[in-house]
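Before any comments, here is the structure.
The numbers here are math on the coordinates, done by the rules we state, and not lab data. What you see is a predicted model; the values in this text were computed from it and never measured. Using ideal geometry, Cβ is built from the backbone for each residue, glycine included, and neighbour counts are taken over all protein chains shown.
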Amino acid sequence: MESENFTMSVVLRNRYGTLMRVTSLFSKRGYNINTLSVAPLAENNDYSRIILTSNGDKCVKEQIQRQLEKLVDVCEAKII
Amino acid sequence: MQISGAEIVIQTFLSHGIKDIFGYPGGCVLNIYDEIYKAGDRINHILTCHEQGAAHAADGYARATGKTGVVIATSGPGATNLVTGIATAYLDSTPLVAITGNVNSALIGKDSFQEVDISGITMPITKYNYIVKDVEELEETLCEAFRIARSGRKGPVLVDIPKDVQVASCEWHGSIPLPLFPLPEVSQSDIEEAVKLIKSAKRPFIYAGGGVVSAEAESALERFATLIDAPAGFSMMGLSAMDYRNPKKLGMTGMHGVYAASIAQSEADLIIGVGVRFSDRATGNIRKYTENVKIIHIDIDRAEIGKNVTVDIGIVGDIGETLTALSDTLQAENFSQHLPQWEERVKFLKAAQKRLFDDTADRERDILPTRIIQMLREYTEDDTPIATDVGQHQMWTAMNYDFAAHRTFITSGGLGTMGFGLGAAIGASVSRDGKRTVLVTGDGGFHMNLNELATAVTYKIPVVIVIMNNGVLGLVRQWQRQFYGERFSHTTLHRATDYVKLAEAFGAEGFTVQNETELKTAFDKAFNTDGPVVIDCHIDPDAKVLPMIPPGGSIEDLILR
Ligand SMILES: Cc1ncc(C[n+]2csc(CCOP(=O)(O)OP(=O)(O)O)c2C)c(N)n1
Ligand SMILES: [Mg+2]
């Protein structure tokens, strides 16, 4: 399968270590993070949005999304 | 009511129905231990010899009954000693709550005495973990921890509590258990798609794993297997999910799968994976495994679908519910399957397996590992928990023991943790109200955590410890023989351990046996003794676990001799 670049938007609860949970998931499962930015949601400071870019084939993309959705603090993980 | 953090910990255990806990005290959990002392009539604390043993015990406790296991350790080395136990629970999805103390909040980050960042360390091996910095958050955090450990795909959760948070007080609200997170709804359209595939299959094969045990979906599985007339193979974690008397059960598949199960799986035109993760040990070469076969995958964890194998249909949901929905739909359509050709073929494979692998050794001179397991079975009850360590003895147990009742096989599948067995056997016995438990172990693995023999003696845990003493790290040596030109690098043990004296020194009884007659005598005694008994069984260092599919191989590479 072909590798492609893609961008994800991840909304998560602001808690101790949440950013680390997201990044450690990528390293644990051998996925790349090419760029990453994070900012609190304007409407609710208890939550943040991470925008990240990564690459991989369709299976990798799907796996990343599903593994992210499994994190307790993640409310939403979308490929955009 | 104002109560201390330490008291909140104990009250949360009580409100969650936790009666037994395993642990080891130390400076940063003194306050929690003080509360354990005060609650001595309601909480049974088992003091192990090592925190790793406590973690494995809590894990074995959870595996044997499905209850949540609880383990407590102090900061620093106490906490790091839990790590292997937590990882073992994580890889096999057992519900576990680990409580660690930590240094005072003000000292965190200063490399204080016995300070480690245990939540950082355990992040990749827990479902979730916490460090609680404010006593006001403790009650909710603990309730959440119990909720997360049990919700969906189960797993370990760690809560790290600095000492000042244990000391501080706040208003307490009763630690009311939180409802579990709702399970994903089974999609009826997925069910219908799956039913179509099942109906058209000529050689369906069920491949069931630990998810069936965890979901307690044994009877749903049995009904489904009968309805679609499919033989069932099992991952190691799933072996106790079907009674061996059920003719549909073929036994373990995978690298050390039994002959009939492995061949039947390779000939199937439809594999229905139920609560499995299609791990590399189970599938071998993925391309060959998935060639010419359709796959339906049922699991509670969406991320498992398509992770290791590409599947034709994935159904996410509770396994019992899903299997029941499949059976109901099939029955509503008046479907009843009878596949005489496939049945004949499976029968033939079973007979071939018997021919190929029946033991022939001189029974007076040698004890065959397979015979040890068969003889053991004459002494155990259907629901006796059987724990193992990791190695050849584990595979011999998995392949030859007739598992009948659910939650009876307590073994480290995913992490393959040597040293798991004794702690786990202790935990299993405690969770089954002191029921007699068996540990089948190796001379390598037993040496890793044999200290817990002292725990078994202290608490009079009736565990029959069968050491398959081959003098070698058998499973590794087998690989060296097969794949490394018989260069036996550091797998011969040369230990001078006298297991009888060792048992006696710990306050237990021990036997050494060389043949079947002696083994029978030892079993007769062991199964009538209150505390732990060690049986040192001398076996051939060159006995192999067979058949075997080499790593990355397929059924064509099956090694029979
Ligand atoms: C903690 C740990 N270290 C190393 C291994 C690698 N390993 C797997 S099986 C095995 C040999 C086990 O020997 P023994 O306990 O004597 O059992 P046998 O295979 O001889 O039955 C080893 C070293 C492991 N699984 N776990
Ligand atoms: Mg050995």
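Could you please state, rounded to a whole Å, how far the C-alpha centre of segment B:314-391 is from the C-alpha centre of segment B:83-100?
28
Hey, could you get me the Stokes-Einstein D for the protein assembly as shown, Kirkwood radius over alpha-carbon pairs, 10 °C and 1.306 mPa s, rounded to whole µm² s⁻¹? Before the final figure, lay out each step's value.
On the way: Rh = 25.9 Å.
This corresponds to a translational diffusion coefficient of 61 µm²/s.
Cα to Cα, under 19 Å, and not fewer than 8 places away if on the same chain: which lysines meet these conditions relative to B:LYS133?
Within reach: B:LYS110, B:LYS163.
How big, on average over all directions, is the shadow cast by the Cα convex hull of segment B:359-538, in nm²? Write out the running numbers ahead of the final one.
Numbers: hull surface 40.9 nm².
Computed as one quarter of the Cα hull surface, the answer is 10.2 nm².
Going by a ≥ b ≥ c, the root eigenvalues of the Cα gyration tensor, does segment B:188-351 fall in the rounded group (a/c under 1.5), the prolate group (a/b larger than b/c) or the oblate group?
It is rounded, given that a/c, with a ≥ b ≥ c, falls under 1.5.
Using DSSP to call loops (not H, G, I, E or B), can you name the chymotrypsin sites (Phe, Trp or Tyr not before Pro) in segment A:4-80 whose Cβ has at most 14 other Cβ atoms within 10 angstrom?
On the way: sites: A:PHE6, A:TYR16, A:PHE26, A:TYR31, A:TYR47; in loops: A:TYR16, A:TYR31.
For chymotrypsin sites (Phe, Trp or Tyr not before Pro) across segment A:4-80 that sit outside H, G, I, E and B with at most 14 neighbouring Cβ atoms in 10 Å, the list reads A:TYR16.
What length, rounded to one decimal in nm, is gained on full extension from B:PHE181 through to B:LYS347, with 0.36 nm per residue of separation minus their alpha-carbon distance? Intermediate values should be presented prior to the final figure.
Numbers: separation 166, 0.36 × 166 = 59.76 nm, distance 4.36 nm.
Taking 0.36 nm per residue and subtracting the Cα distance, the gain is 55.4 nm.
Rounded if a/c is under 1.5, else prolate if a/b is larger than b/c, else oblate: which is segment B:514-561, with a ≥ b ≥ c the root eigenvalues of its Cα gyration tensor? Can you show the working numbers first?
On the way: a/c = 4.13, a/b = 2.78, b/c = 1.49.
It comes out prolate by the Cα gyration axes.
Output the direction-averaged projected area (hull surface divided by four) of the convex hull of the alpha-carbon atoms of segment A:23-63, in nm². Write down the numbers at each step before the final one.
On the way: hull surface 13.9 nm².
Average of the hull's projected areas for segment A:23-63 equals 3.5 nm².
Using the alpha carbons of chain B, what is the convex hull volume per residue in cubic angstrom, as a whole number?
Values: hull volume 84.5 nm³, N = 561.
Spelled out: Cα convex hull of chain B, divided by residues, is 151 Å³.
Evaluated at 10 °C with a viscosity of 1.306 mPa s, what Stokes-Einstein diffusion coefficient in µm²/s does segment B:150-271 have when Rh comes from the Kirkwood expression over alpha-carbon pairs? Don't skip to the end; give the middle numbers.
Numbers: Rh = 17.6 Å.
Answer from the Stokes-Einstein relation: 90 µm²/s.
Calculate the FRET efficiency for A:GLU69 and B:SER112 from the Cβ-Cβ distance with a Förster distance of 45 Å, rounded to the nearest 0.05.
Details: r = 37 Å, r/R0 = 0.83.
E(calc), rounded to 0.05, equals 0.75.
May I ask you to compute the full-extension gain from B:GLU381 to B:ASP542, defined as 0.36 nm times their residue separation minus their alpha-carbon distance, rounded to one decimal in nm?
Numbers: separation 161, 0.36 × 161 = 57.96 nm, distance 3.08 nm.
Length difference between fully extended and current span is 54.9 nm.
B:ILE559 to B:ARG245: FRET efficiency via 1/(1 + (r/R0)^6), r the Cβ-Cβ distance, R0 22 Å, to the nearest 0.05? Display every interim value, and only then the final one.
Details: r = 30 Å, r/R0 = 1.35.
Once rounded, the FRET efficiency stands at 0.15.
Kindly put B:TYR259, B:TYR207, B:TYR484 in sequence by how many other C-beta atoms sit within 10 Å of each C-beta, fewest to most.
Working: B:TYR259 22, B:TYR207 27, B:TYR484 12.
Least crowded to most crowded, the residues run B:TYR484, B:TYR259, B:TYR207.
For each of B:TRP172, B:TRP479, count neighbouring Cβ atoms within 10 Å of the residue's Cβ, then give the residues from fewest to most. Show your work: numbers first, answer last.
Values: B:TRP172 18, B:TRP479 15.
Ranking B:TRP172, B:TRP479 by Cβ neighbours within 10 Å, fewest first, gives B:TRP479, B:TRP172.
With labels modelled as points extended 7 Å from the Cα through the Cβ direction, what inter-label distance (nm, one decimal) is found for B:ASN334 paired with A:THR23?
Output for this residue pair reads 6.4 nm.
With 10 angstrom as the radius, rank B:GLU136, B:GLU115 by how many other C-beta atoms surround their C-beta, starting from the fewest. Please list the in-between numbers first.
Working: B:GLU136 14, B:GLU115 19.
Ordered from fewest to most neighbouring Cβ atoms within 10 Å, B:GLU136, B:GLU115 come out as B:GLU136, B:GLU115.
In whole percent, what relative contact order does segment B:359-538 give with Cα contacts below 8 Å and a gap of six or more residues? Mind dumping the intermediate values first?
Values: 340 pairs, mean separation 41.2, N = 180.
Once divided by the residue count of segment B:359-538, the mean separation gives 23 percent.
Over the Cα atoms, compute the radius of gyration (one decimal) and Dmax (the largest Cα-Cα distance, rounded to a whole number) for chain A, in Å.
12.1, 40
Would you kindly derive the ³J(HN,Hα) couplings of segment B:28-33 from the backbone phi angles with the Karplus curve 6.51 cos²θ - 1.76 cosθ + 1.60 (θ = phi - 60°), listing them in order in whole Hz, with x for Gly and Pro?
Couplings: 8, 10, 4, 5, 5, 5 Hz.
Among the GluC sites (Glu not before Pro) within segment B:435-514, which fall in a DSSP loop and have no more than 16 other Cβ atoms within 10 Å of their own Cβ? Could the numbers behind the result be given before it?
Numbers: sites: B:GLU452, B:GLU486, B:GLU504, B:GLU509; in loops: B:GLU486.
Counting only loop positions with at most 16 other Cβ atoms within 10 Å, the GluC sites (Glu not before Pro) in segment B:435-514 are B:GLU486.
Explain nothing, just compute: Karplus ³J(HN,Hα) = 6.51 cos²θ - 1.76 cosθ + 1.60, θ = phi - 60°, for every residue of segment B:350-356 in order, whole Hz, x for Gly and Pro.
Going residue by residue, I get 4, 5, 4, 4, 4, 4, 6 Hz, with x marking Gly and Pro.
According to a simple spin-label model (label point 7 Å from Cα along Cα-to-Cβ), what is the distance in nm between B:GLU486 and A:ASP46?
Modelled inter-label distance: 6.9 nm.
May I ask you to give the average projected area over all directions of the convex hull of the Cα atoms of segment B:65-107, in nm² rounded to one decimal?
Values: hull surface 13.5 nm².
For segment B:65-107, averaging the hull's shadow over all directions gives 3.4 nm².
Past 22 Å, Cα to Cα: identify those pairs from B:LYS202/B:LYS248; B:LYS249/B:LYS435; A:LYS28/A:LYS78; B:LYS196/B:LYS249; B:LYS248/B:LYS288, in the order given. Please report the intermediate quantities before stating the final value.
On the way: B:LYS202/B:LYS248 16 Å; B:LYS249/B:LYS435 27 Å; A:LYS28/A:LYS78 20 Å; B:LYS196/B:LYS249 24 Å; B:LYS248/B:LYS288 25 Å.
The answer is B:LYS249/B:LYS435; B:LYS196/B:LYS249; B:LYS248/B:LYS288.
Place a +1 charge on the Cβ of each Lys and Arg in chain B and a -1 charge on the Cβ of each Asp and Glu, then give the dipole magnitude about the Cα centre in debye, rounded to the nearest 20. Don't skip to the end; give the middle numbers.
On the way: 51 positive and 70 negative charges, 268 e Å.
Using Cβ point charges on Lys, Arg, Asp and Glu, chain B gives about 1280 debye.
Give me the aspartates and glutamates in straight-line cross-link reach of B:LYS525: C-alpha distance below 17 Å, same-chain residues under 8 apart excluded.
Reachable aspartates and glutamates: B:GLU378, B:GLU381, B:GLU504, B:GLU509, B:GLU516, B:ASP536.
Restricting to Cα pairs below 8 Å that are 6+ residues apart, what does the relative contact order work out to for segment A:4-79? Please round to a whole percent. Present the calculation step by step, with values, prior to reporting the outcome.
Working: 126 pairs, mean separation 35.6, N = 76.
Reported as a whole number, the value is 47 percent.
Between segment B:397-468 and segment B:104-170, what's the alpha-carbon centroid distance in Å?
Using only Cα atoms, the two centres lie 29 Å from each other.
Before rounding to the nearest 500, sum -39500 (n - 2.57) across all DSSP H runs of length at least 4 in chain B and divide by the residue total; then give [θ] at 222 nm in deg cm²/dmol. If you can, show how the numbers build up before the last one.
Values: 24 runs with 227 residues, N = 561.
Rounded to the nearest 500, the figure is -11500 deg cm²/dmol.
Over segment B:188-351, what is the relative contact order in percent, taking alpha-carbon pairs closer than 8 angstrom and at least six residues apart? Each step should come with its number before you reach the end.
Details: 307 pairs, mean separation 46.1, N = 164.
Over segment B:188-351, the number comes to 28 percent.
What are the ³J(HN,Hα) values, in whole Hz, obtained from phi via the Karplus relation 6.51 cos²θ - 1.76 cosθ + 1.60 with θ = phi - 60°, for each residue of segment B:134-144 in sequence order, with x given for Gly and Pro?
Rounded to whole hertz, the list is 9, 4, 4, 9, 5, 4, 4, 4, 5, 5, 5.
With a ≥ b ≥ c the root eigenvalues of the C-alpha gyration tensor of segment B:97-153, is it rounded (a/c under 1.5), prolate (a/b larger than b/c) or oblate? Mind showing how you got there, number by number?
Values: a/c = 3.16, a/b = 1.57, b/c = 2.01.
Oblate, since a/c reaches 1.5 and b/c is not below a/b.
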